[in-house]
Amino acid sequence: MSKKALKSDAIIAVVFSFVGGLLDVYCLFNFNVYATLHTGNMIKLMTHLVDGNFAAFLDTTFVIVAFAIGIFLTNMYENSRKKRDERELFLISFALLLLASLAPNDRVPGELSTWKRIAAFLLGLEGAFLIRSFIRFGEYTYSTTTMTANINRLVTVIHKRVREKDKSQNYAILVYTMIFLSFLLGVACGYGYLRAVPDEGSGWWHWYRYNLILLAPMICMLVLWISARRKHQKVQ
């Protein structure tokens, strides 16, 4: 893989980290579950069970199952083609986000209705696509949403840089740092909007005021799709 292609894929990882941070804080605020951080969901799952809150237990299980289904589907997709086309992944991600944004928020944050369960399921699928879309770039392995894994990898490359004085590790350190900052920015933007949006009004605004934050990741997916499409046309 060329250095230029590596940089391009690293930018995609950074964008996906922003999307992952935003979606996780949106799901936590709105559904009381995470879109991609399933260690947190597992903790919630068992605490709900111990508390005897079986409705919340089933809702959390529902999202974990959605994520598992998404991982299964992405594996089917990857194994069905000799060469994966990232443009299709961007369009699928955009479609899932769009469908989730159409589900009305007809309950207060943290409470689930049928519509909100559907949205949570779709975002569980979306979380799977985020994690599986870009796992390996060149010689470096990044996780666009699992920051625990990235901390491990960042410290590892820093250790290698210090021990071996290997300047080639500088690029990996830079990208990991950008991924962290992008994820934190996504969380901050998402939570800032959700805290600031007025909880007043009726009709369309009342049902979709929180969903407007999903426009940001949808725009990201469209930008990535356009960029990948142009790149594909140049190659041809």
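Data for the structure
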read-out: Out of 68, 103, 55, sole residue that is over 12 Å from residue 129 (Cβ atoms) and crowded, with 19+ Cβ neighbours inside 10 Å; value: 103
read-out: Extreme residue, surrounded by the most Cβ atoms within 10 Å (Cβ to Cβ), among residues of the range 26-52 that are over 19 Å from residue 113 (Cα atoms) and of a type in the set (A, V, I, L, M); value: 37
read-out: Candidates 29, 54 - the one that is in contact with a Leu (Cβ under 6 Å, 6 or more places away or on another chain), modelled with pLDDT of 90 or more and over 26 Å from residue 225 (Cβ atoms); value: 29
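The values are calculated or read from the model by the stated rules, or taken from the named source; none is laboratory data. This structure is a prediction, so every number in the text was calculated from the model and none was measured. Note that we place each Cβ from the backbone using ideal geometry, even for glycine, and neighbour counts take in every protein chain shown.
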